[in-house]
Amino acid sequence: MAFRMLVPTLATALLAFTALGTAALSALAAPMHGIAMQGEPKLPADFPHFPFVNPDAPQGGTMHYGVFGTFDNLSPIIVRGATTTARGIWADPEYGNLVFEPLMQRSPDEPFTLYGLLAESVETDDARTFVEFTLDPRAKFSDGRPVTVEDVLFTTDMMKQIGIVRPQYTAWLQKVDRIEKVGERGVRFTFNDKADRELPLLLAGLPVLPEHGFDRATFERTTLEPLIGSGPYVIDKVEPGQRITYRRNPDYWARDLPVKRGVDNYDRIVIEYFRDASAQFEAFQKGLYYVFPEGSPRHWQSAYDFPAVRDGRVVKETFQTGKPAGTYGFFFNTRRPVFQDRAVRSALGLLFDFEWANKNLYFGAYKRVTSFFENSELSSVGKPASEAEKALLAPFPDAVTPEVMAGTWRPAVSDGSGSDRRLLRQAVEQLKQAGYSFAGGKMVGPGGQPLAFEILAQNADQARIAQGFAGTLSRIGVGVNIRQVDDAQYQLRKQGFDYDMLMSSFTSSLSPGAEQRGRWGSGARDANGSFNFAGTAEPAIDALIDAMTQARSREDFVAAVRAYDRVLISGQYIVPLFYIPDQWLARWSFIKHPEVTPLTGYYLPSFWRESTSE
């Protein structure tokens, strides 16, 4: 009798436990309005608009932008023509997503948080083993056809095509075990064991292409035919290499969504292309386009004495930003034998005279880059390694030098003379310890080969900086040839790693993650077109990128990034150059912007034209 009573009791308990477990799992995987890399989104589900926009901004008029370069392609995700795709269509760092849209919209006011756009909600579990997006039923393309799960499946299917689309997309999708339609509007990505905690956010940022707007057989080809998207603008006119004109879609489906209020304020956007930097700035002076992001202290100080500035029609502004300064420097190509010895790279790095260049060429406006996450809490410089960092670095005892581990390392500081004898002697001594010696006025290696290399320059400004560096190196017998090439040749050589050294830069964010694999990871070392300019393939780098992308708390994330920073600094992969701590922007006075600046700096999509008359 007791046994018979026990059976239903166990069954009842099991059912209760199962129900509790199901409820717990549901709580962990409840649909959300947004998703953050760590923690929760800052804005609640019912937020009316982003806090850094003017929701009542005037609508209308034409915005003219001006850019340097050319274009011969409108398809923004394919490898072919990637460096000459028209600006603004998709994932433009300044102009946003005018034609194609992502599933979710990233907020420039948070380290890494996305809110609903094409997808009205997102769902994942605590371990982030999957992500599921539910499409907004209102979402539609500019031709009036609805955005469907089939369009998402088509997009991801095409993005799996290695060698056809840009490598980061295929890399992300290689971490997905399967993609399934869920109901009428849901799409679920289930991950494999290669996935990390960043993957749901990366997939949330994927564009959605209309299946009916592309031919699979010709998908990889460049095109100048206007494409169909779901974004706020349609491509109105294409003049290859000269300009592209966008026209506001009057039936844009998302204009009343919280993430879209106060942005996309123009009726038309025209992007003008210039082949010459001087002609580009002259066009701005004449009012042929309306905003000019400035990156040169010399230019900022000396080039704005023209009538429109003097009478107030052009305004110079400085914006504060909370994001890390970008990485900028001379990149050693460690694929080349001359740069495979870290001691050699360290010695050469001593001889870029920042103090002289900053004083004599740049009005003292620059600061020296010391960290790969400069000007943020993610920088390791000046901070001794924490216990958490030491634990992460323990498997790689030789990856970080003692002074970098202690937080005492700094780039060499010269006396500003342009010929600091102390640093010249120090560099020579380090090279001697690496097996080099003087012979016939040249620095010669152990095999009798002179220490010499070429610096690849993209423009006259880069060549000028390189000449200063080369001049100092020549004082210790190091031969440097500077080769300035046109943009097309430069891109070709950079994509094929056909250089000894080049000057380049990386943008930085408060949430570095999977993009670091393309810049420094082993898998990108031999992938043509990757951003691994230095040719790094180090287990410590790969492990710390994994630690960054798997971190669940902000504290663990910061520790992983700082440890990663120490490894990159210790590797001496670049000769660090300089950065401007603020953002500079010149604009014609009828172009206005909100009073609040988001975390990452000024946000051009939130600007508007005061007078909408042409």
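Computed values, structure above
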read-out	value
Whole-number percent relative contact order across the stretch 405-492, with pairs defined as alpha carbons under 8 Å at least 6 apart	26
Of the trypsin sites (Lys or Arg not before Pro) in the stretch 207-292, those whose Cβ has at most 11 other Cβ within 10 Å and which sit in DSSP loop	Lys286
Once the Cα gyration tensor of the stretch 327-579 is diagonalised, semi-axes √(5λ) in Å	29, 20, 19
DSSP-assigned coil residues among chymotrypsin sites (Phe, Trp or Tyr not before Pro) in the stretch 321-381, each with at most 14 further Cβ atoms within 10 Å	Phe363
Net charge of neighbours whose Cβ lies under 15 Å from the Cβ of Pro250, counting Lys and Arg as +1 and Asp and Glu as -1	0
Dipole axis of the stretch 327-579 (+1 Lys, Arg; -1 Asp, Glu on Cβ), positive-most option in Ala470, Pro384, Phe332	Ala470
Estimated dipole of the chain in Debye, rounded to 20 [Cβ of Lys and Arg +1, of Asp and Glu -1, Cα centre]	1240
Residue-by-residue Karplus 3J(HN,Hα) for the stretch 181-197, coefficients 6.51, -1.76, 1.60, Hz, glycine and proline x	7, 10, x, 8, 10, x, 9, 10, 9, 9, 8, 9, 6, 8, 6, 9, 6
Gap separating the Cα centres of the stretch 120-137 and the stretch 287-342, nearest whole Å	39
In Hz, Karplus ³J(HN,Hα) per residue of the stretch 246-261 (6.51, -1.76, 1.60; θ = phi - 60°; x = Gly, Pro)	10, 10, 4, 7, x, 9, 4, 5, 9, 4, 9, 5, x, 6, 10, 6
Over the chain: helical MRE at 222 nm, DSSP H runs n ≥ 4 each giving -39500 (n - 2.57), nearest 500	-8000 deg cm²/dmol
Average Cα contact separation per residue, the stretch 38-131, under 8 Å, 6 or more apart, as relative contact order %	15
Residue among Val480, Phe363, Leu544 farthest towards the positive dipole end of the chain, charges placed on Cβ	Val480
Unit charges at the beta carbon, dipole of the chain: most positive-side option, Ser522, Met405, Phe354	Phe354
Mean separation of Cα contacts under 8 Å, 6 or more apart, over the residue count of the chain: relative contact order %	20
Links that overshoot a 20 Å alpha carbon limit, given the list Lys140/Lys181; Lys140/Lys592; Lys286/Lys316; Lys260/Lys592; Lys42/Lys316	Lys140/Lys592; Lys42/Lys316
Neighbourhood net charge (15 Å Cβ-Cβ; Lys/Arg +1, Asp/Glu -1) for Asp196	-3
Gap separating the Cα centres of the stretch 209-285 and the stretch 467-483, nearest whole Å	44
Phi to ³J(HN,Hα) by Karplus 6.51 cos²θ - 1.76 cosθ + 1.60 over the stretch 379-389, Hz, x for Gly, Pro	5, 8, 5, x, 10, x, 4, 6, 4, 5, 5
Reachable lysines from Lys359, criterion Cα separation under 17 angstrom, eight or more residues apart if same chain	Lys367
Expected-Rg normalisation [2.2 N^0.38 Å, Cα atoms] applied to the stretch 236-333	1.42
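None of the figures in this text is laboratory data; all of them are computed from the coordinates on show. None of these values were measured; they are calculated from a predicted model. Because the Cβ atoms are built from the backbone with ideal geometry, glycine has one as well, and the counts that use them run over all protein chains shown.
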